[in-house]
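**Q** I'd like to ask you about the structure that follows.
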Amino acid sequence: MLLIHCPHCGEAREEEEFDYAGEAFIVRPAAPEQVDDEAWGDYLFCRKNPRGWHWEQWQHAAGCRKVFAVRRHTVSYEIAGSWTLAEGKALYLQEDPA
């Protein structure tokens, strides 16, 4: 069982209160109408699947219902922290500016 801290509520709660919302900080194509089908398919369906630290989005479904960023290790399930999306994106960009 994961214990997840909601940065909006300021409380750590059991994972049953949260919904996983996928990989965080996926960049949408700037001009989607000009993207070919292959690139659009990559945007919609291809996700990183790392063995190690990974940025995710979670929603506090049974609480404030807000979405936030979590940095979690995919092997050990250790959580490095949770941040609002804006705070998390700033940290993500420092770590992976690509």
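The values are calculated or read from the model by the stated rules, or taken from the named source; none is laboratory data. Note that the structure is predicted; figures quoted are calculated from it, not measured. No Cβ is skipped: glycine too gets one built from the backbone with ideal geometry, and neighbour counts run over all protein chains shown. Side chains included, ligands, DNA and RNA excluded: accessible areas come from the protein's heavy atoms. Shrake-Rupley method; radii C 1.70, N 1.55, O 1.52, S 1.80 Å.
The rows are residues; the columns are (1) open to solvent by 70 Å² or more (accessible area, probe 1.4 Å); (2) assigned to a strand (DSSP E or B); (3) out of contact with any helix residue (DSSP H, G or I) (no Cβ under 7 Å at 6 or more places or on another chain).
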site	(1), (2), (3)
4	no, yes, no
27	yes, no, yes
44	yes, no, yes
57	no, yes, yes
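**Q** Of everything in the range 6-24, what is outside any strand (DSSP E or B) and open to solvent by 30 Å² or more (accessible area, probe 1.4 Å)? Give them in sequence order.
**A** 7, 8, 9, 10, 15, 16, 17, listed by residue number.
**Q** If residue 4 passes every condition in (1) at pLDDT 95 or above; (2) over 14 Å from residue 83 (Cα atoms); (3) in contact with a strand residue (DSSP E or B) (Cβ under 9 Å, 6 or more places away or on another chain) but one, which one does it miss?
**A** Unmet for residue 4, out of (1) at pLDDT 95 or above; (2) over 14 Å from residue 83 (Cα atoms); (3) in contact with a strand residue (DSSP E or B) (Cβ under 9 Å, 6 or more places away or on another chain): (2).
**Q** For the range 75-90, state whether one or more residues are crowded, with 16+ Cβ neighbours inside 10 Å and touching a Gly at 6+ places or on another chain (Cβ under 7 Å).
**A** Within the range 75-90, not a single residue is crowded, with 16+ Cβ neighbours inside 10 Å and touching a Gly at 6+ places or on another chain (Cβ under 7 Å).
**Q** Right, next: Do we find that residue 45 is out of contact with any Gly (no Cβ under 6 Å at 6 or more places or on another chain) and in contact (Cβ under 8 Å) with a residue 24 or more places away in the chain in this structure?
**A** It is false that residue 45 is out of contact with any Gly (no Cβ under 6 Å at 6 or more places or on another chain) and in contact (Cβ under 8 Å) with a residue 24 or more places away in the chain.
**Q** Checking residue 63 against (1) in a loop (DSSP other than H, G, I, E, B); (2) surrounded by 12 or more Cβ atoms within 10 Å (Cβ to Cβ); (3) within 16 Å of the chain's Cα centre (by Cα); (4) modelled with pLDDT of 95 or more, which single condition isn't satisfied?
**A** (3)
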